[in-house]
Structures are given as C-alpha cells and as structure tokens.
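For reference, the structure discussed in these notes is given below.
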Amino acid sequence: MTTAPPVDPMIGRLVDGRYQVRSRIARGGMATVYLATDLRLERRVAIKIMHGHLADDNTFKTRFVQEARSAARLAHPNVVNVFDQGQDSDMAYLVMEYLPGITLRELLKDYTKLTPEQTVDIMDAVLAGLAAAHQAGIVHRDLKPENVLLADDGRIKLGDFGLARAASANTATGQALLGTIAYLSPELVTRGVADARSDLYAVGIMMYEMLTGEQPYVGEAPMQIAYQHANDTVPTPSSKNPAVPAELDELVLWATARDPEERPRDAREMLERLREIEPSIRMPQPARPTRATAVIHDAVPLGPATAETMVLGAGAPVAVAAVEASDDEDTTALATSAERRKRRGYWIFALVLLLTGLAAGTGWYFGAGPGALATVPDVSTLLPEDATRVLEDEGFEVAAAERNDPVVPQGQVSGTDPEGGAQARRGSTVTVFVSLGPRILAMPDVIGLPEAEARDALGDFTVAEQNAQQFSGEFAAGAVIAVLDVDGNPVGAEVAELADLTLVISVGAIPPVEGTPVGEAQSALEGVGLEVEFAEPEFHDEVPVDHVITATYANETMRPGDTVVLTVSKGPDLVEVPNVITGQTVAQAREQLEALGFSVTSNVPGFLEGAVVASVQSPAAGELVKRGTEITVNFGG
C-alpha cells in the first residue's frame, strides 16, 4: 500500500479573498512561490508567500516588503512585474506576473555552457533590466542565474529584488554578507558595501559561468570562495573555452575588475558596450569556394572580374575562366549529370524519411517519453522510503546519500538533487539526502571577548540579536561574561550547528555608594539602570546623617532593572542627660535614667536607695551623650 505525499495546505486556499492558490511552483529559503488565479481580474499570477516561521521576524518581513517596493518602482520589459503585496492573517504575500518557463540556472544544468551568441542574447536582456533598476536608483545585490527567468515565449526577465536597496555612493549591507557567495564583489566581501558596480561584478561572474560552464572560484568553504573574490583576478573565459571571442573576454574582465573604479559605472554603460561588440560576435564565417570556381594563387591579373569570374584571397585579384567544352562533351556531361542527379534524388528522399523518423522519435522521447521533462516532487521531511516511492512514481531513478542538516531531524529527507520543484528528465537519477541531524561543533572560547568578535567566532550558530546584560566587576563593559543555551543555562564544550545561543554582556561594575550622600548614591545607581529602594534609617556612630550605611542587592547576579536597597544613617544615637538632683530618691533617679537607656552607678549602698539625692551627677544634666553611657550619681546623708 503506497502512502500519498503530504498535501500542501496552501493548495486550494483563497488568499485575501482574491487569489485562489492552484499549485506550488518553487520553494526558497524565505518564501514559497505558488501558481494562483486572480479571481478579480481573471488571470494567472505567481504569488510568493513568506514562510510562517519568519512572519514574526521583522528583518525578514522588512526585506519581503522591500522586494515589492523595489520591483514596483520598475516598469521594464526585462523586469518581473509586481502587481500586489499584502497581509492575510499572519501570512505576508507578494503577487507577481506568472512566467511559465525555466531559470538560467536550470538552462545551465541542462546545457552546461552556452554559445557566445546565446550569452549575448541573455545578457542583453539582463543588462537592459538592470539598467532600468540602476536608473531608478536601485541596486539589486543578489544577481545570480536563479534570478534570471527565461519564459517559454522567449521573454527574459530579471526577478527577486528581495535584497534590493536604494543606491548611494556606498550602500551598506547591514549584515556581514548578503547575496550568494559565488557572485559577491570584492568590496562586499571586504567592506560590506555595494553599489551599481557590485551588480556588474555579479553579471561578469554570470557571463564567465555561461561561457565556460563553471564558476571562476570554487572551494570547500564559503570563506575560501570569498577570499578568492577579494584577492584574485577573474581569469578570461577563453582560458577555459577557446571558442570564446576576445571581445567577450574583455567585457568579462572589465565587469569583474577588483577595483570598482575600473568597472563600468552602471548597467547602461556595460549594455552599450555589449551592443557595440555584438555584430562582430555574430559575424558569419567566410563562404567556401564553390565547385564552379577555382583559386589560382599568385596569378597575374587577367583583367576586371566579370559574371564568370570571382575575386578571392587577400592578395592580387585572380580570374577564374569558365571552360568551354565541345558539343559532344556537353551532351555526355549532361547525360552523366542527369543520371547522377536521379540517383542522388533517391538518396535525398531516403535521408529525408530517416531524418523525419528520427525527429519524430526524438520529439516523442523528449516530449512524452522517458526523456520528457518532469517536475521533481518536494519530498523534504518525508521518511526515505516514502520519498523513494514518490520519486519512482514520477519516473525518476533514486540514489541515496546522507548529509548533516541543522533543521531537518535525523532520519528524515533534508532535500534532493535536483531540488524539489526543479525540472529534470524522466528516468534521470535524483539523489535523496537523508539528514544526519546538525553537526556537533566545538564551542569557541569567547568569554572576555568584545561582543562583535564573539559574534564572528560564533558564526556557525544562531546568536540572538538581543543580548542579556549583567553587572560585573571582573569584565569590562561590552565583554562577554557567558553564553547561554535556549534554556538559559551556560553552554558546554560542544554545541549543535545553528543552535540558538544568547550572549551575556557585561555593563561594567555597580558603582560603590557606601558612605556617600543618599542623593548622590541614588543618582549613581539609577544612572546605570538599577531601581533604588530604602530600608528603615539606622543610627550609626561613624556614618554621618543622610549618608548610605549599606547597599543590599536583591539578586546574587545583578542586571539592569534589578533593585538595590539602601540603608541610610541617622547619625550617632545621642540622648540628653536629665537632672536627677531634684529631691528624688535613689530608686527614682535610677528608674528615670535607665528608662532613657543609661546605666547607673552610685556610691550609696542599695539599702539606702530610699534616701534623697543630695550630691552631683556625672555627666552633668543637659549634656548629650550616647545611649548606654554610664551615669554616676553620688548621694549624701
């Protein structure tokens, strides 16, 4: 019993009450493109829908809307038209014209390399569309064969303005690298800036690939390719394919100069140069001599050429005279020629029949037979046996392979080659990649590094844009204190590729406030983002009044927004000594003094405490002394 492939929930959905989704065309890293019907205008359109898990990411959402705005500013036959853009519930979408056909990448997969004439035809359209973009002040920034669309009706259009930006003298990318690494210009690699000349560098790399069947720089890691772009000079296409004309060599070298100042200013200038050299590239080969003529080298001129002569060669003109035959010879020659023509007619007829049969067979083979093009099903996330069954049902051979994938769980299909949605010959082999799960990588030691350096070192992981902040007396402000995993725990020595990480960044030490005036202490703590609360004031012999005695932290690990509790001094605990020499008894004097917190000593025995005070107290009445001070009162008879 076979298991049907999972049905895309978007198929059949009505988007925004207007666009009826019919089928899926292609799937990319940011969005999926569907064929849909515009019910209002009754026309077929391509609708690009952002992946659901990216809908909450403002960066991706902004880039998605940017594509619509950039393309909508362009009205050119060689740029894909954008009709509409909107939001349906939590789903962002973009509506474009539908162009049935293939991409330049698919064409190169089928033919490996193109002829100079084909290259000129395609690049003329690409540069024309790009010139319109540059004239409108837009830099594409992601030119590659995947974004050049070849429609079935012969139209060639430039699409995918997802990374486009308004052009300036130096348009910063806002990220380390944007676009596909194989087509990035040296200035994008080294300085992260792009302008119109960066687009032309990508055009030059595309031309090289079209003429030679391969990219000029390859490497096992993206940074190896980027290094070559930044430091090497692109070779001439003719060094790989001798059939490439010198004019196209020069055009490729002009577009791919490492110094942007040495490239064309914009696509219009490069397009004009391409059209200048186009006639020489299309120039036909010199005609061969016919059987009715003969070349006489180094002959003396026989006079001006007539209808019976032909001038050939680069030297002096030579004449070829028709040879007059006798009447008998003519008759014999004509009879022989007629018989030869008759026999040749049979052979030609037979050859025509053979070629017609071959053409019909070839047309059937590639049109409806085993060699016909078919769409490779998207079998991502299926189990290997289910993916194999789906592909075999579509007429493909299946080869198994394994690779790491940071997203697809181990044991499920992470993708195919050719990828799902691409066109391939029935009967050809599709490689199914089974996920081994993410690579387990050694965790770089970034503790103590500045944030920017730490992020560079953690390029194989997904580092949150928002850091956690923490006060530290050990690490300077801006340095990494810790790296946390998705559960908020410190990471170990090994971490899965693209794992979600959060950096804990030091904001410096908490300012010391003990012994400082309370106003200054509060301002200093609130100035670094801490909340301040106050405990009950306390007496203190050494800390002046309204100065901080202690600062107590609410948490062991303090972060901006946490609370510090301040205890403020009321100064020393002083009490005025009362006058007890007022005719009181010893017992009454003792009771009054002890009630105020003093200790009392006397030279009178206890059995005489009923006697009346008749002597001097020490310290004297009216003095301010600390609570607990010993008061001596002497009594007389």
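The values are calculated or read from the model by the stated rules, or taken from the named source; none is laboratory data. Computed from a prediction, not measured in an experiment: that's the story for all the values here. Here Cβ is always computed from backbone atoms with ideal geometry, including for glycine, and neighbour counts include all displayed protein chains.
The number of residues in the range 544-599 that are at pLDDT 90 or above and either in contact with a Lys or Arg (Cβ under 9 Å, 6 or more places away or on another chain) or on the phi > 0 side of the Ramachandran plot (or both) comes to 3. From the list 513, 545, 532, the lone residue that is in contact with a helix residue (DSSP H, G or I) (Cβ under 7 Å, 6 or more places away or on another chain) and in a loop (DSSP other than H, G, I, E, B) is 513. Being farther than 20 Å from residue 89 by Cα and of a type outside the set (A, V, I, L, M) is the filter here; which residues of the range 16-39 pass it? Across the range 16-39, the qualifying residues are 23, 24, 27, 28, 29.
Residues of the range 191-224 that are modelled with pLDDT under 95, under 24 Å from residue 123 (Cα atoms) and under 19 Å from the mean Cα position of the chain (by Cα): 194, 195, 198, 199. Among the residues of the range 159-174, is there at least one that is at pLDDT 90 or above, outside any loop (DSSP other than H, G, I, E, B) and either under 27 Å from residue 19 (Cβ atoms) or not aromatic (Phe, Trp, Tyr) (or both)? No, that holds for no residue. Considering each of 437, 448, 459 in turn, give the residue that is part of a loop (DSSP other than H, G, I, E, B), closer than 30 Å to residue 562 by Cα and small (Gly, Ala, Ser). Criteria check complete, one pass: 448. Applying the criterion of at least 3 residues that are among the acidic types (Asp, Glu) to the helices (runs of 4 or more DSSP H) found wholly in the range 195-274 leaves 246-255.
I want to confirm something. Restricting to the range 546-592 and keeping residues that are touching a Gly at 6+ places or on another chain (Cβ under 9 Å) and among the acidic types (Asp, Glu), which single residue is surrounded by the fewest Cβ atoms within 10 Å (Cβ to Cβ)? Only one residue tops the list, namely 576.
Considering the range 381-420, and only residues there that are farther than 9 Å from residue 432 by Cβ and of a type in the set (Val, Ile, Thr), the residue that is surrounded by the most Cβ atoms within 10 Å (Cβ to Cβ) turns out to be 390. Going through (1) exposed (fewer than 14 other Cβ atoms within 10 Å of the Cβ); (2) not assigned by TED's automatic domain parsing to the domain that holds residue 450; (3) not hydroxyl-bearing (Ser, Thr, Tyr) one by one, residue 513 falls short only on (1).
Exactly one residue among 499, 479, 493 is in contact with a Leu (Cβ under 7 Å, 6 or more places away or on another chain), outside the structural domain of residue 548 (by TED's automatic domain parsing) and of a type outside the set (D, E, K, R), and that residue is 479. The set of residues from the range 406-427 being touching a Pro at 6+ places or on another chain (Cβ under 7 Å) and at pLDDT below 90 comprises 406, 420, 424, 426, 427.
Of all residues in the range 559-584, those satisfying the criterion of being outside any strand (DSSP E or B) and of a type in the set (A, V, I, L, M) are 577, 580, 581.
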